[in-house]
Structures are given as structure tokens and as C-alpha cells.
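The values are calculated or read from the model by the stated rules, or taken from the named source; none is laboratory data. Everything numeric here is computed off the predicted structure, so don't read it as measured data. No Cβ is skipped: glycine too gets one built from the backbone with ideal geometry, and neighbour counts run over all protein chains shown. Surface accessibility is based on the protein's heavy atoms, side chains included, excluding ligands, DNA and RNA. Shrake-Rupley method; radii C 1.70, N 1.55, O 1.52, S 1.80 Å.
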Amino acid sequence: MRVLVTGAAGSLGRVVTVGLAELGHEVVGLDLVPAPEGTPYAWHEADCADADAVAAVFSEERLDAVVHLAGVPEELSLPEELTSHVVTTAALLDAMVAHRVPRIVYASSNHAVGRTPRAAGELTDQALPRPDTYYGVAKVAAEALLQLFSDRHGIDAVACRIGSFLERPTSVRGLSTWLSHDDGVRMVEAALTAPAPGFAVLYGISANTRAWWDLEPGRRLGYEPQDDAEDFADSVEPGPDDEAEAEFPGGPFASARFHRPAL
Ligand code: 15L
């Protein structure tokens, strides 16, 4: 497949572009920054929130799918979050409709449901939106937009509610929320190639012994994680916030530290 990867220079993008290329996909990178030296594939320096710039990329490239990883991965103001996650997704979806690109894989986040009390049990793909931050609100809204475009235009859209994408887990919470680099690539590949998913949600974590999220929605799409954070458990030091971070899946994002006016 010829795949446009947004946020190609970011922490997810750097891993996913290499992984997809190794799996035989033709990658087209897009990011706010220039292509890193030696990038072996096409690259566009553009802001996904700029609909004209996005449209220009689609006019230039023949694409089979989009992997939308661009977006600020932390808590900002509500307007900034909406631009970073919702406006960018809208610009891509409009261009996909105009150029008949049938599939998008979206880097959503556990923070879309991060304020669901853990006591409510394991989270499935049927969980109602329950964001923990404005970042989470924007991820919920971006998922809703994907659902709308799937219903209206038949676009296949897989929202991957990613946990903690890191080389290795670094906290006790991470032993539950970790997504390994290799599993991240497996997840994107499955979401890209699953037959006719329509709009679907999966939880982007590894096969962690202490997982808080249901892996079945991902498995139904062909995502079989191979790694387990437990392998690193001995090297993870307990921290003072572990207990508080275990109350809500969003961990630190669900704490009062992030409380602020919306506008
Ligand atoms: C995310 O969605 C964020 O992008 C990242 O910064 C982490 O907070 C991660 O989730 C997590 O929950 O560990």
C-alpha cells in the first residue's frame, strides 16, 4: 500500500515509517519539520491543520491509506487541542473523500476514556467516551469525526487508543499501559489491512500481563501483540504516585494537576 504517514518525524512516526517500509509498504512522510537526512521516501513539510496544504499533498500523491499520527501528545489549552487533533483529522478526511482514499488509521489515545474509574472493570471498545483532559476531549471528538465520515462516505477508519508507546515501560502504570515499538508497528499494519472494518476502535497496548484494556477488539482486526511489559517488571522502580495513577486508566492525566479553565 502507498501510505501517507503524518507526524512521520515524531516518536511514533519514526518507528512506524520504518516498520511499514520493512513490511513492504510505500511510505510518504508528512511533518511540520523537514525530512531527516537520508530519508529514503517521499516527504512533505506541511501542517495538517492547514486544509489547503493537505489538499496539495493529496493532489501530488497517489495514496491508498493514511496513518494519522500527527498531533501534540500532551495537555494544552482546549482550542489548541482541538486544532491539533480535530482540525487536522478533518483536513485529512476531506482530502480523502475528494481523492477517494478509502482508509485511515488514527492515533487516538487511552485518554479518550482515561477518566473511567478503574473499579468499573476492564475497558472494552464499547466504553463510553470519558476523557481525562482537553487532550482526551479532542481525541473523543476526532474519533466522532472518523465515525461520521465512515457513515457518510464509507471510509474505513480504525481509531487506535494507544497506551504508553515507549521503548520499555518506565513506571508501574506503564506495566499495564505499555505499547512496545514492535507491537506498535503490528497494530498499525493490522489496522491498515483488516478487511472492511468500517469504523472500529482498538486498544493499542502490548500483551501486558497487567493490562487494563481489552485486547479482543484489536485481535478481531488481526492485531496480535507479542510483547509483555512484565518482562521489565523487575527494572521498574515503584513511585510515590503509583496508587493514585492506578485509580483511572489515564493515570497522571486524570489528576488535579491538569485542572484548568477551558477558555
Ligand atoms: C498519550 O496518549 C500521550 O500521547 C502520551 O504523552 C502519554 O501520556 C500516553 O498517552 C500515556 O497514557 O502514557
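In this structure, is residue 189 farther than 25 Å from residue 78 by Cα and away from the ligand (no atom under 13 Å from the Cβ)? Write out each step before concluding.
Working: farther than 25 Å from residue 78 by Cα: yes; away from the ligand (no atom under 13 Å from the Cβ): yes.
Judged against the criteria, residue 189 is a match.
Here is a check on your reading of the model: is residue 101 over 17 Å from residue 139 (Cβ atoms), open to solvent by less than 20 Å² (accessible area, probe 1.4 Å), part of a strand (DSSP E or B) and more than 16 Å from the ligand (Cβ to nearest atom)?
Values: over 17 Å from residue 139 (Cβ atoms): yes; open to solvent by less than 20 Å² (accessible area, probe 1.4 Å): yes; part of a strand (DSSP E or B): no; more than 16 Å from the ligand (Cβ to nearest atom): yes.
The answer is no for residue 101.
Need a quick list: strands (runs of 3 or more DSSP E) entirely within region 1-94 having at least 2 residues that are touching a helix residue (DSSP H, G or I) at 6+ places or on another chain (Cβ under 7 Å) and surrounded by 15 or more Cβ atoms within 10 Å (Cβ to Cβ). Lay out the reasoning, then the answer.
On the way: elements: 2-6, 26-31, 42-45, 65-68.
Per the criteria, 2-6, 26-31, 65-68.
Just the residues that are under 24 Å from residue 74 (Cα atoms) and either within 11 Å of the ligand (Cβ to nearest atom) or not in a helix (DSSP H, G or I) (or both), please, taken from region 109-121.
We begin by selecting, within region 109-121, every residue under 24 Å from residue 74 (Cα atoms); these are 109-118.
Listed by number, the residues that qualify are 109, 110, 111, 112, 113, 114, 115, 116, 117.
Take residue 195 and tell me if it is outside any strand (DSSP E or B), open to solvent by 60 Å² or more (accessible area, probe 1.4 Å), modelled with pLDDT of 95 or more and not aromatic (Phe, Trp, Tyr).
yes
With respect to the numbered conditions (1) part of a loop (DSSP other than H, G, I, E, B); (2) closer than 29 Å to residue 89 by Cα; (3) more than 15 Å from the ligand (Cβ to nearest atom), which one is the sole condition not fulfilled by residue 167?
(3)
Out of curiosity, is residue 140 within 16 Å of the ligand (Cβ to nearest atom) and over 25 Å from residue 261 (Cβ atoms)? Let's see the steps before the verdict.
Numbers: within 16 Å of the ligand (Cβ to nearest atom): yes; over 25 Å from residue 261 (Cβ atoms): no.
Answer is no for this residue.
Restricting to region 206-263, and then to whatever is closer than 18 Å to residue 161 by Cβ, within 15 Å of the ligand (Cβ to nearest atom) and assigned to a helix (DSSP H, G or I), can you tell me which residue is farthest from the chain's Cα centre (by Cα)?
245
Would you check which residues across region 170-192 are β-branched (Val, Ile, Thr), under 27 Å from residue 93 (Cβ atoms) and open to solvent by less than 10 Å² (accessible area, probe 1.4 Å) and list them? Can you show your working first?
Pass one, region 170-192, residues β-branched (Val, Ile, Thr): 170, 172, 177, 185, 188.
Keeping just the survivors that are under 27 Å from residue 93 (Cβ atoms) gives 185, 188.
Within region 170-192, 188 is the sole residue that qualifies.
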